[in-house]
């Protein structure tokens with residue numbers, strides 16, 4: 001992309017006006033233009049008619065401070081790297097402009113976009129994850145990519161951002177971008193029929209294997225990016241036949257030679273969704289919360305400040321939807337004071353993580369009895385002493401709680417599943433120390449409060465279940 005400094009200045013001044021209520025001065029524009037061209041202050045002074053001292057001491061320092069607040073994105077703007085920051089800022093502007101046009105059956109370059117991509121109003125951090133995902137697609141050409149994580153952690157927006165950047169950087173690379181948000185009333189059969197209709201292929205009455213073959217042929221004929229958002233809504237984990245169907249779907253669409261890609265977001269890892277009797281290659285990213293710098297930027301932009309902000313980020317593990325929910329509560333009930341919020345020693349639960357836990361505890365097949373029992377035990381123990389529970393104590397506690405033998409192999413398998421779903425956390429101070437387990441505060445709160453009665457409804461049944 002060829003960027004003209006005059007156009008860059010127009011975009012920058014618009015942002016400065018929105019943020020500060022004023023326009024850039026002639027002297028400020030002269031410094032920005034000269035810096036863009038790689039000039040020193042003496043050359044800028046010679047070109048503009050201002051004195052070197054005025055530009056260097058009267059204009060420059062205040063300009064860099066103001067630009068740091070307006071476009072710095074948590075980076076201190078300085079003369080030495082102003083151009084790189086302006087290029088990044090302007091590219092972001094154009095990406096957001098293109099993204100605002102993305103809608104069902106829109107066209108970006110030669111790429112047809114089907115489905116409604118989520119609008120990205122604010123996006124924080126995730127540069128490393130964006131880079132990794134783009135590398136898997138553009139360089140390693142990984143035909144199946146999965147992004148997993150708890151509810152509200154930002155899986156959907158991350159993929160939307162990746163799609164935006166790919167379309168902006170390579171508007172003619174793909175023939176189709178297809179965004180499908182799944183729902184609980186759909187099936188893999190229905191999903192395939194809907195996708196095939198985009199290619200004018202009517203297959204609603206054909207068997208699953210035929211639909212997979214037909215879509216595979218379209219993937220070979222056209223370069224496609226297929227996003228399946230919220231795939232866990234289609235999942236029936238304890239249904240063996242369904243797991244074989246999911247395997248047929250992924251193997252059938254990824255094992256052929258083509259330049260098309262499937263990107264999946266899910267609260268359930270792909271290893272649990274498919275039976276995997278046949279191996280196929282896929283890249284998996286387990287998405288965690290925002291890094292501290294990005295989370296602080298989000299909190300500050302939403303009007304909160306103070307030393308306790310870092311404690312807030314730790315409590316909610318940088319989960320952006322949980323942070324947004326608690327920020328709104330702090331403004332409403334605690335006069336915008338994070339310190340006052342912590343005086344009450346409470347934990348707020350946001351709607352997205354509650355919805356996720358409703359499904360995990362309430363929908364058959366998502367959590368088995370042992371997995372639920374592990375989480376309940378950790379919640380109750382940590383409500384007494386808020387420290388991680390060593391593995392040996394967890395084993396002994398579950399034996400005592402159920403009065404039965406607990407199979408170590410089944411317990412380890414259950415713990416692995418809970419860790420992959422980010423439902424429990426593990427810690428180990430050294431390689432020789434025993435691993436310990438804990439819950440993030442919002443998950444512990446959900447279990448103890450049990451808002452819909454889903455956690456404890458089968459507790460009596462679990463207490464008499466047999467572990468071999």
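Since every read-out is calculated from the coordinates, none of them should be taken as a lab result. Values in this document were obtained by computation on a predicted structure and should not be read as measured data. Cβ sites come from the backbone with ideal geometry, for glycine too, and all protein chains shown count toward neighbours.
Relative contact order for the range 102-286: 30 percent, from Cα pairs under 8 Å spaced at least 6 residues apart, divided by residue count.
Here the calculated FRET efficiency for residue 392 and residue 331, from their Cβ-Cβ distance with R0 = 41 Å, stands at 0.40, rounded to the nearest 0.05. For the chain, take the longest principal axis of its alpha carbons; what is the angle in degrees between that and the long axis of helix 369-384, to the nearest 10 within 0 to 90? Tilt relative to the chain: about 60 degrees. Between the Cα long axis of helix 292-301 and the first principal axis of the chain there is an angle of about 70°, rounded to the nearest 10. Beyond 22 Å, how much of the Cα-Cα pair distribution for the range 374-452 remains, as a whole percent? Counting pairs separated by more than 22 Å, the tail of P(r) holds 21 percent.
With 5 Å bins beginning at zero, the pair-distance distribution over Cα atoms of the range 5-96 amounts to 3, 14, 26, 28, 19, 8, 2, 1 %. Fewest neighbouring Cβ atoms within 10 Å first, the residues 150, 395 line up as 395, 150.
Between residue 3 and residue 288, the distance separating the two model label sites (each 7 Å from Cα on the Cα→Cβ line) works out to 3.1 nm. Here the extension length gained between residue 399 and residue 310 equals 28.3 nm, from 0.36 nm per residue of separation less the Cα-Cα distance. If R0 is 51 Å, the Cβ-Cβ spacing of residue 138 and residue 416 corresponds to a FRET efficiency of close to 0.95. For the pair the range 42-95 / the range 302-317, the C-alpha centres are spaced 30 Å from each other. Among 130, 385, 263, a tally of other beta-carbon atoms within 10 Å of each Cβ gives an order, fewest to most, of 385, 130, 263. When both bridge partners sit in the range 102-286, DSSP labels roughly 10% of those beta bridges antiparallel. In the chain, the longest principal axis of the Cα atoms and the axis of helix 82-99 are about 60 degrees apart. Once the C-beta distance of residue 43 and residue 189 is scaled by a Förster radius of 56 Å, the resulting FRET efficiency is 0.25 to the nearest 0.05.
Given their separation in residues at 0.36 nm each and the Cα-Cα distance between them, residue 96 and residue 210 gain 37.1 nm when the chain is fully extended. Derived value for the range 256-348: Kirkwood hydrodynamic radius 16.0 Å. Basis is the mean of 1/r over every pair of different alpha-carbon atoms.
By the count of other C-beta atoms within 10 Å, a proxy for reagent exposure, 140, 342 are ordered fewest to most as 140, 342.
Within the chain, antiparallel bridges make up roughly 25 percent of the DSSP beta bridges whose residues both belong there.
Each Cα pair under 8 Å and six or more residues apart adds its separation to the average, and for the range 214-285 the resulting relative contact order is 45 percent. Relative contact order of the range 5-96, taken over Cα pairs closer than 8 Å and 6 or more residues apart, is 27 percent. Going through [x] 19, 40, 31, 8, 1, 0, 0; [y] 25, 56, 18, 1; [z] 20, 46, 28, 5, 0, the figure that equals P(r) over Cα pairs in 20 Å bins from 0, in percent as computed for the structure here is [z]. Modelled this way, with points 7 Å down the Cα-to-C-beta line, the labels at residue 339 and residue 170 are 5.2 nm from one another.
Gain on full extension, evaluated as 0.36 nm per residue between residue 275 and residue 425 minus their Cα-Cα distance, stands at 51.4 nm.
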